[in-house]
Amino acid sequence: MDAVDEAVYQGFLHYKRLRQPEYFATWMTRILINACNAELRRRKRELAVAELPETAAEAFDALPLREAVARLPRELRAVVVLRYFQGLTLAETAQALDIPPGTVSTRQRKALSLLKLHLTEEV
């Protein structure tokens, strides 16, 4: 239902851009397809992030760096959990989070430097 609402909203916002009114149905169908694809991508990201703590809970709870990982921002924490606790590759992590591999690499480096900083402060 979210995709249909979004499609109707986008159609209403941009109806003046329609060049040929006889193609209104095709135009709205394309808007609906794009809205559905966006909704699927959003749900996939939410599902991947929502499952992270449950799937890696045992390994994650056994390590002393749990608090340091918990203090990381959500997007950095997701990369760390997928890469190090789930054992996913860089490409698999990028696919699970629906972000480019370069972004995963950047977030991984940032997360590791923050973890190092948090862990050296505590010692």
Which numbered condition in (1) in contact with a helix residue (DSSP H, G or I) (Cβ under 8 Å, 6 or more places away or on another chain); (2) free of Cβ contacts under 8 Å to residues at least 24 places away in the same chain is the only one that Leu114 fails? (2)
When only residues in region 105-123 that are loosely packed, with under 15 Cβ neighbours inside 10 Å and of a type in the set (Lys, Arg) count, which is modelled with the highest pLDDT? Arg109
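Just the residues that are over 21 Å from Ala68 (Cα atoms) and of a type outside the set (D, E, K, R), please, taken from region 80-114. Break it down stepwise before answering.
Filtering region 80-114 for residues over 21 Å from Ala68 (Cα atoms) gives 89-92, 94-103.
Across region 80-114, the qualifying residues are Thr89, Leu90, Ala91, Ala94, Gln95, Ala96, Leu97, Ile99, Pro100, Pro101, Gly102, Thr103.
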Across region 86-104, what is the total count of residues that are farther than 23 Å from Arg42 by Cβ and surrounded by 13 or more Cβ atoms within 10 Å (Cβ to Cβ)? 0
Neighbours by Cβ (under 9 Å, 6+ apart or cross-chain): first from region 11-24, outside any helix (DSSP H, G or I); second of a type outside the set (A, V, I, L, M, F, W, C): Leu18/Gly11
State which residue pairs qualify: first residue under 14 Å from Leu115 (Cβ atoms) and inside region 59-85, second residue open to solvent by 80 Å² or more (accessible area, probe 1.4 Å) and modelled with pLDDT of 85 or more in any location, beta carbons under 8 Å apart, and separation of 6 or more residues or different chains. Leu76/Lys110
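The values are calculated or read from the model by the stated rules, or taken from the named source; none is laboratory data. From a predicted model like this one, the values you see are computed outputs, not experimental measurements. We place every Cβ from the backbone using ideal geometry, glycine too, and count neighbours over all the protein chains shown. Ligands, DNA and RNA are excluded from the accessible area calculation, which covers all protein heavy atoms including side chains. Shrake-Rupley method; radii C 1.70, N 1.55, O 1.52, S 1.80 Å.
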